[in-house]
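> This is the structure I want to talk about, given as structure tokens.
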Amino acid sequence: MRAPKTERTGKLRKSPSATNPGRWPVAPYEQRAIEALLDGPKMRHDLDAIVGCENSPDVIMRACRELGFSIACERVRMLNRDRRPCYPGRYYLTPEQRDRALALRREAQEAPKLRQATISQPAHGKPVSGPQGKRTGVQ
């Protein structure tokens, strides 16, 4: 699958996870939104507070575009402060999208462990002492 093109230039952009293993392949706003939705459905104003922005529908749209997610939104009838009906959105992950988000989270959590394990393993299976007698793992 090819990386998405940027809207202005049409050039392909590198996935952030390719350059930063162990990180989610989206911006922190999108990551917080998806993490929150893994806990269950969230109203739009709750997502604004969790994500740390005033426009969570835009954050949701960008997460969908960047990751190919399909985040569902149902309109819920409520009364505003003037007792008039309004229909804010309640966002949630479908079961398939929840599985994808959990896999993405697991992948991001395991990458640093794998990287650390390969860095700390000596080349021939035995630790090597460094200049001050410290074990460096490099021969």
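> Out of all the residues in region 89-98, is one or more surrounded by 14 or more Cβ atoms within 10 Å (Cβ to Cβ), part of a helix (DSSP H, G or I) and under 21 Å from the mean Cα position of the chain (by Cα)?
yes
> Separate question: Quick check: is even one residue across region 72-82 part of a helix (DSSP H, G or I) and touching a Lys or Arg at 6+ places or on another chain (Cβ under 6 Å)?
No, region 72-82 contains no residue that is part of a helix (DSSP H, G or I) and touching a Lys or Arg at 6+ places or on another chain (Cβ under 6 Å).
> Go through (1) at pLDDT 85 or above; (2) part of a loop (DSSP other than H, G, I, E, B); (3) of a type outside the set (S, T, N, Q) for Pro25 and report which single condition fails.
The single condition Pro25 does not satisfy is (1).
> List the pairs whose first member sits in region 30-49 and is touching a residue at least 24 places away in the same chain (Cβ under 8 Å) and over 15 Å from Glu74 (Cα atoms), whose second member is assigned to a helix (DSSP H, G or I) and small (Gly, Ala, Ser), and whose Cβ atoms are under 7 Å apart, counting only residues at least 6 apart or on separate chains?
Pairs found: Glu30/Ala63; Ala33/Ser56; Ala33/Ala63; Ile34/Ala63; Ile34/Ala101; Leu38/Ala101.
The values are calculated or read from the model by the stated rules, or taken from the named source; none is laboratory data. It should be emphasised that the depicted structure is a prediction, and the values quoted were computed from it without experimental measurement. We place every Cβ from the backbone using ideal geometry, glycine too, and count neighbours over all the protein chains shown.
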